[in-house]
Structure formats: C-alpha cells, structure tokens
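Student: Provided herewith is a single structure, encoded as structure tokens, for subsequent inquiry.
Values quoted throughout were computed directly from the atomic coordinates according to the rules given, and no laboratory measurement underlies them. Computed from a predicted model, the values in this text were never measured in an experiment. Because the Cβ atoms are built from the backbone with ideal geometry, glycine has one as well, and the counts that use them run over all protein chains shown.
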Amino acid sequence: MSLRGVLFLGVAAAGALSLFSIAHAQELETLPAPAPSSSDGGGEPAIVYEQADAGAEPDAAGPAPAPASAPPQSEEDAAKKHRLSFRGAGGFQYQQVNGIPVTGARVRLGVGSQTDTIAHYGGISVLYGATENDLRTWDVRLGYTGDLLRMGVLRLGGTAETGYLFIRRATIDKRMYALGIGAGVHLGVDLFPFGPRNDHAVTAEARFDAHLHFGSVFVWGPSVLLGFRY
C-alpha cells in the first residue's frame with residue numbers, strides 16, 4: 001500500500017470517530033450542578049424559606065366572640081306567661097237564708113296568677129250583715145275564683161267555696177252556725193285597665209252565689225262589688 005493510501009485511511013478513521021463523538025454528546029442530558037452539602041467543613045448551613053399559602057388566614061389571635069344573647073320573648077309566649085296577681089273587692093250583698101232576707105257588706109281577697117286570657121286565685125270571702133229583724137249574720141268562706149274567659153275588658157268566671165254561716169239567735173244570746181259548700185258565677189269589667197299588658201285594673205263585678213249548709217240551710221243571692229286587680 002502506498003503512503004497516499006495510508007494517509008487517506010487515517011483521515012477517514014479520524015473523521016468517523018469525530019462524528020460518533022458529536023452524536024453521543026447530543027444524546028446526553030445536561031446534569032444539574034450538585035447542591036452544596038451542609039456537612040462540608042467550614043460551610044454555612046443552607047437557609048430554606050417556606051412560601052406562605054396565599055389563601056391562608058393570618059395566624060393572629062383575635063378577640064373571643066361575644067356569647068349570643070337570649071332570643072327576645074315572642075308576643076305569644078308573653079301572653080301565655082303566668083304572672084303573680086292580687087285582687088280585692090268589696091260591696092253590697094243581698095242573700096236569703098231559708099227564705100229570710102239578709103243584707104250586708106261583702107269583702108273578697110285573693111292571690112294567684114294570671115295570663116292575658118285567664119286568671120286563677122285562692123281567696124277568702126267575708127260577709128257581715130243582718131236579717132230584717134236585726135239578727136246579726138256573717139259568714140267566712142275559703143275557695144277558688146277563676147276568670148275563665150276574657151273578652152276585652154270583660155271577664156267571666158266562677159267560684160267554688162266552703163265555709164261557715166253564723167246567725168245570732170233571737171231567743172238567747174248565742175250563735176247558730178253550720179258548715180257548707182257552694183258555687184257561684186261572676187261577670188266583671190275592667191273600668192280603668194293599666195300596666196304593661198293592661199292586666200291591672202280598677203274593677204266592677206256582679207256575682208250570684210248559692211251555698212248549702214248542714215241542717216238543710218240553703219243560702220243564695222247576688223252581690224255587686226268594686227275592687228282592684230294587680
């Protein structure tokens with residue numbers, strides 16, 4: 001082989017090797033630079049910053065929320081609520097005791113509770129009067145009185161009572177008395193209502209009562225009273 005042939009083969013081999021090296025270099029990915037190690041002697045430790053979440057709320061302790069206040073009482077609940085109540089009345093009483101007329105003064109006192117529509121009372125009733133022959137007559141009764149129906153300023157109700165009837169005897173200076181039970185009805189009107197719910201008032205009342213006492217003593221009659229309710 002001549003010298004020219006040897007040179008031609010050498011140049012061809014060098015060119016092929018160069019093309020192979022360029023193609024291989026293009027296939028390799030560029031590797032990232034190695035991160036500095038915190039264990040390297042004399043090196044500063046790496047400071048890592050955390051990026052805050054843009055939607056996160058700030059971690060600041062605000063004032064505690066105020067406790068929720070009780071809801072206001074509705075008008076219906078206020079109307080049905082029982083309220084402490086007192087009542088008193090006095091006036092004229094006419095009654096018959098086994099057909100004998102008796103006139104006198106009647107006083108009634110009671111304590112209980114009321115709503116906007118009804119009222120219940122426990123109370124005492126006292127009569128002091130005389131027969132047409134001037135025989136002293138009185139009674140003392142304990143019982144229940146209820147205003148069971150209210151229509152504006154009008155009140156309709158009933159009474160159930162038990163108590164004693166006393167009559168001074170004509171022949172000797174002694175009293176006759178007998179235990180009895182009875183019932184009654186009343187119609188009242190509030191003449192001057194006042195108060196936050198108009199449940200206090202100056203009142204007028206018409207009543208009718210009947211009682212049966214031991215010894216077959218039957219007592220009945222009407223009364224007209226003026227009073228108050230608070």
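Student: For segment 135-156 and segment 74-115, what is the separation of their C-alpha centers, rounded to whole Å?
Tutor: After rounding, the separation between the Cα centres reads 4 Å.
Student: Just the C-alpha atoms of segment 77-211: what Rg/Rh do they give, with Rh taken as the Kirkwood radius?
Tutor: 1.05
Student: To continue, here is another question. Taking 0.36 nm per intervening residue step and subtracting the Cα-Cα distance, what contour gain separates Met176 from Ala79 on full extension?
Tutor: Net length gain for the segment: 30.2 nm.
Student: Let me ask something additional. Stretched out fully, how many nm does the piece from Thr162 to Val202 gain, at 0.36 nm a residue minus the Cα gap?
Tutor: Taking Thr162 through Val202 to full extension adds about 11.7 nm, to one decimal.
Student: Using the beta-carbon distance between Leu154 and Val111 and R0 = 30 Å, what value does 1/(1 + (r/R0)^6) give for FRET efficiency, to the nearest 0.05?
Tutor: E(calc), rounded to 0.05, equals 0.85.
Student: Further question on the same structure: What does the convex hull of the alpha-carbon atoms of segment 143-230 project to on average, in nm²?
Tutor: 6.8
Student: If you place +1 on the Cβ of every Lys and Arg and -1 on the Cβ of every Asp and Glu, how big does the dipole about the Cα centre of segment 82-229 come out, in debye to the nearest 20?
Tutor: In total the dipole reaches around 240 debye.
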